[in-house]
Structure formats: structure tokens, C-alpha cells
Amino acid sequence: MFLSVFDVFKIGIGPSSSHTMGPMTAAGHFLELLRQAPSRDRAAAVKATLYGSLAFTGKGHATDRAVALGLLGWTPAAFDFDAAERQIEELGRSHLLRHDGLPPLVFDPVTDIVFDYGPPLPGHANGLVFSARDSAGTELLSETYYSIGGGFVVTAREREAPAAATEAASWPYPFANAATMLRMASESGLSIAEMKRANEIHLRSAEEVESGLTRLWSVMNDCIERGMSQEGELPGGLRVRRRAARIHRQLAAEKLANRSQPHASTDWLSVYAMAVNEENAAGGRVVTSPTNGAAGVVPAVLRYYLDHCIGAEPEKIADFLLTAAAIGGLIKHNASISGAEAGCQGEVGSAAAMAAAGLCAVLGGTPAQIENAAEIALEHHLGMTCDPAAGLVQVPCIERNGIGAIKAVAAASLALRGDGSHFMPLDNCIEAMRQTGEAMNERFKETSLGGLAVNLPEC
């Protein structure tokens, strides 16, 4: 099993990796599939149908907009908001998609994106189907996609029959679970970050790895800074006001006046995380960590390390990210990072485990202590539901990232106080999370049909 750090952490746009980035990517894949189809010259119109969680919370997550943007040719990693907005407006007038290698395609986002509120597709809670028709309405091509969390997309065929994994022997340190990871660390004398780096260098040059990690942190930190400077209401109709900028000003003033309470450190963690997730809710540029809904936890804990921990070294940023990605890869491989599949334990819980591992690593933790930190953080998110009000990634998602960051730091600190030995192995905790998600009622898995989403104050 190998999942690159650049797969775990992907630069994209808000508000959701599974409901925005995934569908946008799937739309682009369908266009390419259509270009290669023998019947492409007869294509006259396209349509998209959303199922399961994509239908129930698609409006709040801007899934319809993401599909339209993907069909216009945009990708999450190369997104220009102003240019895309102009193209969306033009599409609303012309109802035509124009691409090289294809005839003009009729597509009206209002009528040609269908929200199917019936049963979800069998492969995953986040399913969508694209189809192309000729001028007589005859279907020429259809493809089913699943957005499986973190911006990852697979077709129905790929979901049913995954491609054979690359031979494990081809990777220097092919750990598919935490137990193997710890054994390899012990045998090699390397840290988790060093093993992860060796695997990455198997794919690309050392310079590319380091520059890519620098780029990831730059985008993460820019998102924190922007989130701490913006004010006003978030889009979507809930009238949720941004709070990060105000809280940041209060914290800065208290620090300057030497009036900070001992627990102010948790407020700093919260404000960093909330800044990111307010940006995500506004559709800004974020890094999946491992998802958009949980994008604030890892950056918040890394920023906390740099700004608040004694002896912090910027040179260790890469080690933090590599360690966090190693844990995120294990969770995705053995359970899920999708809120629609596992609830918020799969999103914020996974992010907290990743952040705890990263912080423990840069504070000098051993591989055993790092594994312990990840387990503590994940264990205390088990059972957490994904129940966003109105389908928006705002309530309770923004605050939940702040609390997840606090738990991550507490978990790393507890692990560092021990010698790495503990009762519950990380592998068992990941399996418990998988089982819990499987047993969780669909109302609590990103459908906004249960929990906080249906217990709102009457206005």
C-alpha cells in the first residue's frame, strides 16, 4: 500500500473535497472519456445525476456548481475564481459547452443536473452519473463515478474491481498497517517521516518532494492568514458570521498586554483551524487534510508548533507533513476518510490522528509514541456523526475543526509523557472506526437528515 503525501494533501477549493472537488474532477474525466468515444461527433448534450449524499447535501456543498465548472474544463488545483465565475455566467445564458475535439454540447445547469433523492448507488454514498446524448435524445455514453473522500474519484468498474496494487516489494518501506510500520521503523532505525520520504523519492526526485511539501505548507499557511483577516457572513443562507478575525484580534491584544489566560493556547489552536474552515466554507483555496471538511486541523496544529512550541524548527515542517500523511494513508487504506461513508470520525477524527502524529514526531517522539498519539486522537472521535446544518460545511464543521486540533495536541502530549506502550493499537482503533461507520445510520453520514442538522432553533 502506498498513498503519496501529495494524494493525502491536495490543493483545491472549498467547501468540500468529496462534494466539490470530486464531482469537478469526475466531470473532467467524463469529458475526456467522451473525446475518446467513437460516437463523440454525434454528441449533442450532456447530463449529470447526483445520488445519495451528493443529492441530499449537494446544494449546500455547491456540488451542482462544481459539476458545471468541471464540465467547463476547470480542475480544483488550477482554479481561477474570477475567470470561472465569468464562464458560469456565460453558461447560464448560452447553455452550451465548447471544447476542442467535441461538438458544441447543450448543458443547462438548472435542468441537466438532477438531484436523485432515492436510494444511493451501490458502490458508495457519493455517486454521480454522467451521460451524453445525440440530437434525438439517444444515449451515446454513460459513466458512473464515486467521490470517495479527500477529492479521490473512481469509476463504478474501478470500485467493483480495483486495479492490482503495485508489488509491495517495489517500495522501500511498504507498510499497509501501523504494526508493519512500527516493525519496519525498528528494523531500519528510521523515523516514520524518513521511511515515508524514501517511499516518495521512489516516485519523484528528492528536490520535487521537498519543494512540493514547501508548497503545501505555503498554501495552508496562506489560508490561515486570509481566514484571520476576513469578516462578514459566509454564503449559503444560514447567516453564519466569520469569527476567526475577531478572535485573532482579541488574542493578539491579550498577548501584547500580557493578559493571556493559561488556556489561551487552545484558543490559538481554534482560531487557526476556524480560519481555514471559514475560508473553505466561502469556497476559498484550501488543502485537503485529508478532506476539506477537516482541512483546518493539520494546518492549525502545525502553525501552533511553529508559533507556540519551545524550540520549534521550521526545518521540521516536512517531517510533520510526511508523518501525518503516513497515518492518513493507513486510515484511508484500512477504513475511510469520507464523511458520507464513516461520519465525521472519518474526517475530523482522521485529521486529528494525523495532526497528533505529526506534532509528536517534530517534538521528538519515537515511532511508538507517534503511533500512540494517532490512536489517542482517533479513539476519542469514534462515533462522531457528520450532520451539517442545511448541507453547508459550516455548522458544526468550523468549530469541530478547532476542537479536533485541541484533541490532537492533547493526544500528542499524552503520548510523549509515556514510552509508546499502550493498550489499544492504532490498527485496532482504525478497524473500530470502520465498523462504527458501517453500522452508523445513513441519517448521520453527510445527508443532513439527522443529528444537529434537524435540531435547529426555530426562527
So if I check each of Ala62, Ala66, Ala84, Ala55, which one is at pLDDT below 95 and closer than 28 Å to Asn401 by Cα? Ala62
In the set Ala326, Ala335, the lone residue that is in contact with a Lys or Arg (Cβ under 6 Å, 6 or more places away or on another chain), modelled with pLDDT of 95 or more and farther than 23 Å from His124 by Cβ is Ala326
Only residues in region 310-325 that are open to solvent by 60 Å² or more (accessible area, probe 1.4 Å) count as the first member; pair them with residues that are in a loop (DSSP other than H, G, I, E, B), Cβ under 8 angstrom, at least 6 apart or cross-chain, and list the lot. none
Given Ala179, Ala136, which one is hydrophobic (A, V, I, L, M, F, W, C), farther than 25 Å from Ile337 by Cα, open to solvent by 50 Å² or more (accessible area, probe 1.4 Å) and modelled with pLDDT of 95 or more? Ala136
Looking for something more than 30 Å from Ser4 (Cα to Cα), assigned to a strand (DSSP E or B), touching a helix residue (DSSP H, G or I) at 6+ places or on another chain (Cβ under 8 Å) and not acidic (Asp, Glu) - is there at least one such residue anywhere in region 145-164? no
Any residue in region 201-227 that is open to solvent by 50 Å² or more (accessible area, probe 1.4 Å) sitting within a Cβ distance under 7 Å of a residue that is in a helix (DSSP H, G or I) and not polar (S, T, N, Q)? List the pairs, counting only those 6 or more apart or interchain. Ile201/Val209; Glu210/Ala318; Arg226/Glu279
When region 288-309 is examined, which residues are found to be within 18 Å of the chain's Cα centre (by Cα) and either open to solvent by 30 Å² or more (accessible area, probe 1.4 Å) or hydrophobic (A, V, I, L, M, F, W, C) (or both)? Ala294, Ala295, Val297, Val298, Ala300, Val301, Leu302
Could you pull out the residue among Thr20, Thr49 that is in a helix (DSSP H, G or I), of a type in the set (Val, Ile, Thr) and either touching an Asp or Glu at 6+ places or on another chain (Cβ under 9 Å) or at pLDDT 95 or above (or both)? Thr20
Check region 424-436 and report whether any residue there is open to solvent by less than 20 Å² (accessible area, probe 1.4 Å) and of a type in the set (Ser, Thr, Tyr). no
Going by what's in this entry, would Gly346 be described as among the small types (Gly, Ala, Ser), open to solvent by 30 Å² or more (accessible area, probe 1.4 Å) and out of contact with any Phe, Trp or Tyr (no Cβ under 9 Å at 6 or more places or on another chain)? no
In region 23-46, how many are closer than 20 Å to Leu91 by Cβ, part of a helix (DSSP H, G or I) and of a type outside the set (D, E, K, R)? 10
Filter region 50-99 down to the residues that are in contact (Cβ under 8 Å) with a residue 60 or more places away in the chain, touching a strand residue (DSSP E or B) at 6+ places or on another chain (Cβ under 6 Å) and open to solvent by 20 Å² or more (accessible area, probe 1.4 Å) and list them by number. Tyr51, Ala77, Phe79
Elements of type helices (runs of 4 or more DSSP H) in region 233-335, at least 3 residues being within 19 Å of Ser218 (Cβ to Cβ) and of a type in the set (A, V, I, L, M): 264-281, 297-308, 317-334
Could you list, ordered by first residue, the pairs with Cβ atoms under 9 Å in which the first is in region 171-192 and assigned to a helix (DSSP H, G or I) and the second is among the β-branched types (Val, Ile, Thr) and open to solvent by 30 Å² or more (accessible area, probe 1.4 Å), at least 6 apart or interchain? Ala185/Thr366
Could you please find all residues in region 419-450 being outside any helix (DSSP H, G or I) and of a type in the set (A, V, I, L, M)? Met424, Met440, Leu449
Can you tell me which residue among Ala405, Ala439 is farther than 15 Å from Pro299 by Cα and not acidic (Asp, Glu)? Ala439
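The values are calculated or read from the model by the stated rules, or taken from the named source; none is laboratory data. Quick caveat: nothing in here was measured; it's all calculated off a predicted structure. Every residue, glycine as well, gets a Cβ built from its backbone with ideal geometry; the counts of neighbours run over all protein chains shown. The protein model used for the area step is the full one, side chains on, heavy atoms only, and it has no ligands, DNA or RNA in it. Shrake-Rupley method; radii C 1.70, N 1.55, O 1.52, S 1.80 Å.
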